[in-house]
1. Condition first: among the aliphatic types (A, V, I, L, M), assigned to a loop (DSSP other than H, G, I, E, B) and more than 16 Å from the chain's Cα centre (by Cα). Now tell me which residues in the stretch 49-95 satisfy that.
2. (1) over 19 Å from the mean Cα position of the chain (by Cα); (2) in a loop (DSSP other than H, G, I, E, B); (3) under 17 Å from V58 (Cα atoms): which one isn't true of F110, the others all being true?
3. Could you tell me which of the residues R167, R63, R109, R75 is under 30 Å from I200 (Cβ atoms), surrounded by 13 or more Cβ atoms within 10 Å (Cβ to Cβ) and basic (K, R)?
4. So, in the stretch 46-87, exactly how many residues are closer than 18 Å to E153 by Cα and touching a helix residue (DSSP H, G or I) at 6+ places or on another chain (Cβ under 9 Å)?
5. Got a number for residues in the stretch 129-161 being under 29 Å from D180 (Cα atoms) and either charged (D, E, K, R) or free of Cβ contacts under 8 Å to residues at least 12 places away in the same chain (or both)?
6. What are the residue pairs meeting all of these: first residue in the stretch 52-68, first residue of a type in the set (K, R), second residue surrounded by 14 or more Cβ atoms within 10 Å (Cβ to Cβ), Cβ atoms under 6 Å, and 6 or more apart or on different chains?
7. T175 - would you say it is closer than 12 Å to E65 by Cα, hydroxyl-bearing (S, T, Y) and at pLDDT 85 or above?
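The values are calculated or read from the model by the stated rules, or taken from the named source; none is laboratory data. None of these values were measured; they are calculated from a predicted model. All Cβ positions, glycine included, derive from the backbone under ideal geometry; neighbour counts span all protein chains shown.
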Amino acid sequence: MVLSLTTSLSSTISKTELQDNFTSIQTKFNGGIDNSDIKASAGIVASKLAAANEYCVVTLETRGESGGIAATGIRDEVPFPGLEGEQNFWSLKAASWVCTDVGTASTARFDVEWGEYAADGSYSVVETLINAETLTFPSGGGTANSKQCTVNEAAVEFDASLSRVFRLTIDTVHTDALSDADDPSAPVYLKVSLLLERQIQA
């Protein structure tokens, strides 16, 4: 809505002219400001917006095996693009897991790493976001369960040149967990979902 004011006032300003101008100003600033009032180069920072953040969910997964969780090490990886200086960093706000076969006791544990591969192919951990999370045995029996994770480290920072990845690894083995071969009619899996937050990009 355009703000229109009477500028060709009488030599002696009348009450009506003055009142009309004040009414126009009041109307403009009482809910009359719209997109047309803000120039393209205004440079308004995202932190001043009512909804200043954006969110992303990343899910890591491992399936059941005949030998269960018999060895530590990698189970899944998801590459996550973004370069330093071009994109804002993410922060891990929350995480949760679901597993259809946690085993017979609460001894199986997993980690979620934020890592990178160097040019020679070697992998290194940047941050351990979730450390030794337990696949808790349900108090009511059965083998399926789901829980919120304890977040060990929230920073998910990009590198200037290297691609980084989320990695699901086994921290502590338990051969009774994820112990059945994968069956489409009764799937056996562990899934871990990460909720990421960052300020909206320009």
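1. Within the stretch 49-95, L49, A50, A70, A71 qualify.
2. Looking at each condition in turn, F110 falls short on (2).
3. R167
4. Residues in the stretch 46-87 being closer than 18 Å to E153 by Cα and touching a helix residue (DSSP H, G or I) at 6+ places or on another chain (Cβ under 9 Å): 0 in total.
5. The total comes to 6.
6. Sorted first by the residue in the stretch 52-68, then by its partner, the pairs are R63/Y189.
7. Considered against the rule, which asks whether it is closer than 12 Å to E65 by Cα, hydroxyl-bearing (S, T, Y) and at pLDDT 85 or above, T175 comes out as yes.
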